[in-house]
Each structure stands twice: as structure tokens, then as C-alpha cells.
1. Any residue at all in the range 204-218 that is more than 24 Å from Met1 (Cα to Cα) and β-branched (Val, Ile, Thr)?
2. Which of the numbered conditions does Val122 fail, given that it passes all the others? Conditions: (1) in a strand (DSSP E or B); (2) aliphatic (A, V, I, L, M); (3) open to solvent by less than 70 Å² (accessible area, probe 1.4 Å); (4) more than 28 Å from Leu60 (Cα to Cα).
3. Do you know which residues across the range 174-217 are open to solvent by 20 Å² or more (accessible area, probe 1.4 Å), among the hydrophobic types (A, V, I, L, M, F, W, C) and not in a helix (DSSP H, G or I)?
4. Of Val184, Val150, Val213, which residue is among the aliphatic types (A, V, I, L, M) and in contact with a Pro (Cβ under 8 Å, 6 or more places away or on another chain)?
5. Looking at the range 19-67 only, could you name the residues that are crowded, with 19+ Cβ neighbours inside 10 Å, in contact with an Asp or Glu (Cβ under 7 Å, 6 or more places away or on another chain) and more than 25 Å from Tyr166 (Cα to Cα)?
6. Looking at (1) modelled with pLDDT of 95 or more; (2) touching a helix residue (DSSP H, G or I) at 6+ places or on another chain (Cβ under 9 Å); (3) under 30 Å from Ala39 (Cβ atoms); (4) not in a helix (DSSP H, G or I), can you tell me which one Lys157 breaks?
7. Among the residues of the range 101-120, is any among the basic types (Lys, Arg) and either farther than 30 Å from Asp189 by Cα or in contact (Cβ under 8 Å) with a residue 60 or more places away in the chain (or both)?
Amino acid sequence: MKKLIKPTESLKHIKNGDTLLVGGFGLSGTPLTLIDELAASDKKELTIVSNNLGEAGKGLGKLLLSGCLKKAKGSYFTTNRDAVQAWSDGDLEIELVPQGTLAEAIRCGGAGIGGFYTKTAVGTKLAEGKDEKVFDGEKYILEKAIKGDVSLIKALKSDTLGNLFYDHTGRNFNAAMATAGKIVIAEVDEIVEAGELTPLEIVTPHIYVDYIVLNKYVKKDGAYVEPV
């Protein structure tokens, strides 16, 4: 399989200062193997766009503790006390984005749309400095599209071409992020032969996927754990 690389090889495609789109909701649909490699690296000044920063010491929580991060852009960071502490100490920039706005901004980034107007956050601090317009008597603010240098995403299966199938809610932000990154690295549990995935199962076509990495974690009682 031409697109299959070792987890360590993923680091070749990430530069200091890059903006990374990282899939996941909590720890569901999170590319844990890729995050581990990044956390063990010497990469610096990274901006992470993700719904949250994992949990304390888990998922993107490991990346936070490694000192790789400059900024996090997402919706819900309070599940990780380390993220709150890092922000309080001035060690991490945080940009809060309402969850629906985050999803749409990433979708726009992948669709070649520069931005969109939304009522969400109108009249709050999140709207400060943003262009405002009135449509049908109601105020809207402009939200710009989000794109990344590299997308790190998680799928359940890939075929040998790189077509991706997601695991129920593990799909979350991953499918949109696969369209919005200049380079897309997908972590998968399993690789099957081309033709084994039906057209209805394929959510992300292989044309979006540059590289595939096999997940080192194992599923136990519905959660991924590191192998002993």
C-alpha cells in the first residue's frame, strides 16, 4: 500500500509553527497514535484546531504537557484541567469557537468558501472585532473559514487506496478535517482490500488522503487503551 507509513514518518510532514486540524470529540475519534508521536517529538509553536484538548494526560492532553503547543482553537477545553491551568499561567493561547461554528468553518475551509455569517455569538465577547451585517432584521457576524497545514484524523478502516470508513460517532470532525488540510494523515484500525468497502460506507474518498498510519491502541470495553 503506497500511502501506508510508519507513525514516526508522520513527523516529516509537520513543521514548527504549523496549524494542525485534529479530529476527535473528547477521546472519541481521536488519532491517539499520531498524537503520541507528536508529543514525543521536538516540534514547537504548534496551533491545534480541535473540539477540545483531550483529557488530562490523554490524547491531546499529552501534547499539551509536552510543550509543543502555542495555541488551541476549539469549543470545549474545561474537561482538561491542564489546559485551563496552562491558559491561566499564560503558557497557552486559547481561542474559543462555538461548536457549530467550528464545524461549519472547517467545512467551508475544505469547500473553498472564505467564510459565512452566523447569529451565534452575536452580542458576546466572541463577536468583538468581527464584521457584522443585518439580514431580515437580525444581526449576524462573519466567521472566516478554517484550514490547516496538516490534518491528523482517525477512521475505523481504510482500503488499500485510502478510502475511509468511520466508526459511528467517531466520525465527528474527522470527515470535514480531511477536506481542509493541505496534508492529510489518517490513523486507522484496519486496512482492507480495495472493493471491500461499499460506496455507502466510504465517507472520505481516497483523493483527500495522503498517508495512512495503523493505530497501535487496542479497543477494550468500548475504549482505546495502550497495548501492554
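The values are calculated or read from the model by the stated rules, or taken from the named source; none is laboratory data. Just so it is clear, the model here is predicted, and its values are computed rather than measured. Counting neighbours? That spans all protein chains shown, and the Cβs are built from the backbone with ideal geometry, glycine included. All accessible areas refer to the heavy atoms of the entire protein, side chains included, with ligands and DNA or RNA removed. Shrake-Rupley method; radii C 1.70, N 1.55, O 1.52, S 1.80 Å.
1. no
2. (1)
3. Across the range 174-217, the qualifying residues are Ile183, Ile191, Ala194, Leu200, Ile202, Val203, Leu214.
4. Only one candidate qualifies: Val213.
5. The answer is Leu46, Leu64.
6. Lys157 satisfies every listed condition except (2).
7. At the first step, the residues of the range 101-120 found to be among the basic types (Lys, Arg) are 107, 119.
Those still in the list that are either farther than 30 Å from Asp189 by Cα or in contact (Cβ under 8 Å) with a residue 60 or more places away in the chain (or both) too: 107, 119.
Looking for residues that are among the basic types (Lys, Arg) and either farther than 30 Å from Asp189 by Cα or in contact (Cβ under 8 Å) with a residue 60 or more places away in the chain (or both), one finds at least one in the range 101-120, hence yes.
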